[in-house]
Every structure is written in C-alpha cells, then in structure tokens.
Amino acid sequence: MYHPAKDVFNALERHYSREDAIISLLESYLDRFEQLHSDRVIRCIIYLSQGNSTVFKRYLDAAVKDPRDVMFWAEYEDHNSRSPKRVRDFTFSF
C-alpha cells in the first residue's frame, strides 16, 4: 500500500489545518486509484489547490483521469504557448 512522504502530510497540515476530511478524502482516493500513488502528483495537487478543499477535490479528480495534467499545470508556465516553461519540480519535497 502506498503512503505519501512526510513532507506531503506536513504540507496538508499547513494548508488544511483542522480539516481531517481532506486527509480522509486523499486516503480514500489513494485506496481506489493507483495513478495517484506518486508524491509528485500529490504535491502538485496541494500546490494547485492553495488551501481550498473544493479545488483540492477538483484536482484529485483531474489526476484520476490523467496525472500528467496536474503535473503540467503545477510545474509549467505559459500553458497555451508552443514552448511552456518549467518553473517548478515537485519530484522533490516541499
């Protein structure tokens, strides 16, 4: 069974203090969807959602469909250009 890295849980606590529902939601998605078994993907979702639990769920759902989408949205700028620029790398811990 996959368990996110400690920095992922620390970031969840920072951004969603007192929201045990977020951790429960994440755990339920992790139990059902193997494509979410990546610290990088979860970091991207946390970054994109910026502490908003509704947006967090929206990006979880997007990652279920295609995790590459959330990685692209979180790590690159100029999404609509011919040459998007990578400005972040969530392969590494926060």
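The values are calculated or read from the model by the stated rules, or taken from the named source; none is laboratory data. Predicted, not measured: the structure shown is a model, and the values here were computed from it. Glycine gets a Cβ as well: all are built from the backbone with ideal geometry, and neighbour counts include every protein chain shown. We work out accessible area using only protein heavy atoms, side chains counted, and drop any ligands, DNA or RNA first. Shrake-Rupley method; radii C 1.70, N 1.55, O 1.52, S 1.80 Å.
Given His37, Ala74, Ser17, which one lies farthest toward the positive end of the charge dipole of the chain, if we put +1 on the Cβ of every Lys and Arg and -1 on the Cβ of every Asp and Glu? My answer, from the dipole projection, is Ala74. Rolling a 1.4 Å probe over the heavy atoms of the protein chains gives segment 1-85 an accessible area of 62 Å² per residue. For the pair Lys6 and Asp89, label points projected 7 Å from Cα toward Cβ lie 2.3 nm apart. The sum of -39500 (n - 2.57) across all DSSP H runs of n ≥ 4, divided by the residue count of the chain, sets its helix-only mean residue ellipticity at 222 nm to -18000 deg cm²/dmol. For Tyr76, nonlocal amide neighbours, meaning residues 5 or more places apart or on other chains whose placed amide H falls under 5 Å from its own, are Val87. Remark: segment 80-87, residue by residue, has Karplus-estimated 3J(HN,Hα) of 8, 7, 6, 9, x, 10, 6, 10 Hz, where x stands for each Gly or Pro and the curve is 6.51 cos²θ - 1.76 cosθ + 1.60 at θ = phi - 60°. Using R0 = 25 Å, the C-beta based FRET efficiency linking Ser24 and Ala62 works out to 0.80.
Once the chain from Phe33 to Trp73 is taken as fully extended at 0.36 nm per residue, the excess over their C-alpha distance is 12.4 nm.
Relative contact order of the chain: 28 percent, from C-alpha pairs under 8 Å at least 6 residues apart in sequence.
Applying a DSSP loop filter and a limit of 11 other Cβ atoms within 10 Å to the trypsin sites (Lys or Arg not before Pro) in segment 6-94 leaves Arg18, Arg82. Only the Cβ atoms of Lys and Arg (+1) and of Asp and Glu (-1) were treated as charged; on that basis the dipole of the chain about its Cα centre amounts to roughly 240 debye.
What fraction of the Cα pairs in the chain, stated in percent, has a spacing above 21 angstrom? For the chain, the fraction of Cα-Cα distances above 21 Å is 26 percent.
Counting protein heavy atoms only, the chain has 47 percent of its accessible area on carbon and sulfur, 1.4 angstrom probe. Taking Cα atoms only, the orientation of helix 6-15 departs from the longest principal axis of the chain by about 90 degrees.
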